[in-house]
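Note sheet for the following structure.
The values are calculated or read from the model by the stated rules, or taken from the named source; none is laboratory data. Only a predicted model underlies this, so the values are computations on that prediction, with no experimental measurement involved. Don't worry about glycine lacking a Cβ; one is built from the backbone with ideal geometry, like all the others, and counts go over all protein chains shown.
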Amino acid sequence: MDYSTYFKNYPSADGRFGRFGGAYLPEHLVAAMEEINNAYLTICQSSQFVNELRRIRREFQGRPTPVYHCEKLSRKIGDGRCQIYLKREDLNHTGAHKLNHCMGEGLLAKFMGKKRIIAETGAGQHGVALATAAAFFGLECTIYMGEIDVAKQAPNVARMKVLGTNVVSVSRGQKTLKEAVDAAFEDYLENYKDTIYCIGSAVGPHPFPMMVRDFQMVVGQEAREQFLEMMGFLPDIVTACVGGGSNSIGMFLPFINDPVEIVGVEPMGRGENIGDNAASMTYGEEGVMHGFDSIMLKNADGEPAPVYSIASGLDYPSVGPEHAFLREIGRVKYEVATDREAVDAFFKLSRYEGIIPALESSHAVAYAMRRAKEMGKGSILVNLSGRGDKDLDYVIEKYGYGEEFFKD
Ligand SMILES: *Cc1c(COP(=O)(O)O)cnc(C)c1O
């Protein structure tokens, strides 16, 4: 298949990737999204915007992040013929890929003359990235967070506050992410004239899946060029973990027209029953949620199902619409990794390479390790979306220092 016209066709003007995507919105937000879309389409053509974003990526974020060859891990797990490489987004400022789109969204807000950015956050990773962008651009920032998450994620709450962000603890209902989304949405309904609601992944109504994708593509563009320069050829497999799908879409698309196998990895959690995983692509069905059409996990009433995995950043009951499309046209495959496989990868990458990965990213590393064992000669490029310092306390409490993973 020839994908050279892919970016011209997808998304369509109304934000569709095939039948997925779109914008399902209350009437008075239609104009607000159109304003953002029009501004984005104009601004991303402006050399002033593009150059400023380039400068920020270099001087503030520390890009390009390196590609690293995991020689020791590769030797330990397979017969040594398959080699694993990492794109080191854990070395991006703030320790994960999320800042790539938050800086883009912040710069867009600045160019549009908005004075405030808002969002919800669960584990606090998106909140910290957006608070960082707000501090950089001198924008006001409000982050909504469920009361229970505020208590669980004290270090991230502290970071946001030090960065000057107003963290609102939401104490209604279950006091977690869903209520935080509702509260942030209500704020936006009232304040959309001077505020942008910055969505934290390649999800939500058009134009967010497109914008977040475009801002994250820096990851795959750099990685492709770096890998080619290192090796003189392209990897056989490119892989990344999939929550909402931002780090993965950014990694994948620059390889779309290459003879490269592309695989997204979802969390299988503790099993295949509903509520035990967040593998939306594997077990979900088509539906509309949070303003867009995609594949989602539904409960018996057709509502978003409860989700679980060891990596809270992957716990989302749907997936970006472009992923649903890429699977449908057969360009990207979606596989799963369990909690246990992710923790195994977490400990092995730490001990063999001196890199402590985020539990989210560990799912993609686990998949690469599985394939490396099976495939014989070849190379696998993994997007290491973030660093694992945030996960240490939890992992140690549950698995100690991981001795059980080094027995054989
Ligand atoms: C949030 C997060 C993810 C999942 O989000 P995507 O939008 O699917 O990329 C993955 N890795 C890390 C480190 C995260 O913080």
Gly146 being within 16 Å of the ligand (Cβ to nearest atom) and not β-branched (Val, Ile, Thr): no
Considering only residues that are small (Gly, Ala, Ser) and closer than 18 Å to Met231 by Cβ, which ones fall in the range 353-394? Ala368, Ala372, Gly376, Gly378, Ser379
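Within the range 73-81, is there a residue that is surrounded by fewer than 22 Cβ atoms within 10 Å (Cβ to Cβ), part of a helix (DSSP H, G or I), within 19 Å of the chain's Cα centre (by Cα) and in contact (Cβ under 8 Å) with a residue 60 or more places away in the chain?
Of the range 73-81, the ones surrounded by fewer than 22 Cβ atoms within 10 Å (Cβ to Cβ) are 75-81.
Right, trim to part of a helix (DSSP H, G or I) and you get 75-77.
Those still in the list that are within 19 Å of the chain's Cα centre (by Cα) too: none.
No: zero hits.
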Selection from the range 342-401 of residues farther than 21 Å from Glu222 by Cβ, among the acidic types (Asp, Glu) and within 20 Å of the chain's Cα centre (by Cα) yields Asp389, Asp391
Between a first residue in the range 171-189 that is charged (D, E, K, R) and a second residue that is buried (at least 16 other Cβ atoms within 10 Å of the Cβ) and not in a loop (DSSP other than H, G, I, E, B), which pairs have beta carbons less than 6 Å apart while being 6 or more apart in sequence or on different chains? Arg172/Glu179; Lys175/Gly146; Lys175/Glu147; Lys175/Ile148; Glu179/Gly146; Glu179/Val170; Asp187/Ile118
Quick one: in the range 194-236, which of the residues that are within 16 Å of the ligand (Cβ to nearest atom) and among the polar types (S, T, N, Q) is farthest from the chain's Cα centre (by Cα)? Gln216
Kindly indicate whether any position in the range 137-152 is free of Cβ contacts under 8 Å to residues at least 12 places away in the same chain, surrounded by fewer than 24 Cβ atoms within 10 Å (Cβ to Cβ), of a type in the set (A, V, I, L, M, F, W, C) and over 17 Å from Val181 (Cα atoms). yes
Ser379, sole failed condition from (1) within 16 Å of the ligand (Cβ to nearest atom); (2) among the polar types (S, T, N, Q); (3) not in a helix (DSSP H, G or I): (1)
Hey, among the residues in the range 8-51 that are in contact with a Leu (Cβ under 8 Å, 6 or more places away or on another chain) and assigned to a helix (DSSP H, G or I), which one's surrounded by the most Cβ atoms within 10 Å (Cβ to Cβ)? Ile36
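Restricting to the range 171-185, count the residues that are closer than 23 Å to Lys115 by Cα and either among the small types (Gly, Ala, Ser) or not in a helix (DSSP H, G or I) (or both).
As a first pass, look at the range 171-185 and keep what is closer than 23 Å to Lys115 by Cα: 180-185.
Among the residues that remain, those that are also either among the small types (Gly, Ala, Ser) or not in a helix (DSSP H, G or I) (or both) are: 180, 183-184.
Residues meeting the conditions: 3.
Quick one: in the range 298-315, which of the residues that are assigned to a loop (DSSP other than H, G, I, E, B) and among the polar types (S, T, N, Q) is surrounded by the most Cβ atoms within 10 Å (Cβ to Cβ)? Don't jump to the end; show me each part of the working.
Start the filter on the range 298-315 by keeping residues that are assigned to a loop (DSSP other than H, G, I, E, B), which leaves 299-303, 305-311, 315.
From what's left, among the polar types (S, T, N, Q): 299, 309.
Details: Asn299: 12, Ser309: 28.
If we take residues in the range 298-315 being assigned to a loop (DSSP other than H, G, I, E, B) and among the polar types (S, T, N, Q), then Ser309 is surrounded by the most Cβ atoms within 10 Å (Cβ to Cβ).
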Taking into account only those residues within the range 234-287 that are part of a strand (DSSP E or B) and small (Gly, Ala, Ser), which is surrounded by the fewest Cβ atoms within 10 Å (Cβ to Cβ)? Gly287
Would you be able to tell me the number of residues in the range 41-78 that are of a type in the set (A, V, I, L, M), closer than 19 Å to Gly354 by Cβ and at pLDDT 95 or above? 2
